[in-house]
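See below for the structure under consideration.
Every number in this text was worked out from the coordinates using simple rules, so none of it is lab data. Quick caveat: nothing in here was measured; it's all calculated off a predicted structure. Heads up, the Cβs are rebuilt from the backbone with ideal geometry, glycines too, and the neighbour counts pull from every protein chain shown.
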C-alpha cells in the first residue's frame, strides 16, 4: 500500500537530476544536429557528416522523440508525476530503435563511428535504467 506522503530518499533526487542533465545533453545534441551548429560540425569529419546527413528522416524523428520525451519524463520525475513512466518508456523505445538501426542496419559507408557506437550502447542502457527507475519509484510511491 502506498502512502501519498511517501518521501523519496535523497538518491532519488540525485538520480533524477543526473537523468535530466543527461537528457538535456541529448536535447542539445539534437538541436545542434538539426541546426548544424559549429559544435556539431566540428565534432565530425566531412565523411561522417555526409553519412549522418544521408540517414533517413524517420531516424532523425526518433532522435527527437527519444530526447524530448526523455527530458520531459525526467522533469516529471522531479515533479513526482507518474506520467514520467510512460514518457521514459517511449523514450527508451525510440532510442533503442534508433540505436539498433545505427549499429546494425545503417550503411555507414565504411566510415569509422567507433566512438558513436560506444555511446549508442550507453544510451540504450541508460534509457532502460530510467524505465526501471521510474517503475521502481512508482512502486515505492515516490511518484504519483
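Remarks
- For residue 91, the stated conditions hold: it is over 15 Å from residue 18 (Cβ atoms) and within 10 Å of the chain's Cα centre (by Cα).
- Residues within region 1-11 that are exposed (fewer than 10 other Cβ atoms within 10 Å of the Cβ) and either touching a residue at least 60 places away in the same chain (Cβ under 8 Å) or part of a helix (DSSP H, G or I) (or both), tallied: 4
- Residue list for region 12-28, filter: surrounded by fewer than 15 Cβ atoms within 10 Å (Cβ to Cβ), touching a residue at least 12 places away in the same chain (Cβ under 8 Å) and under 15 Å from the mean Cα position of the chain (by Cα): 17
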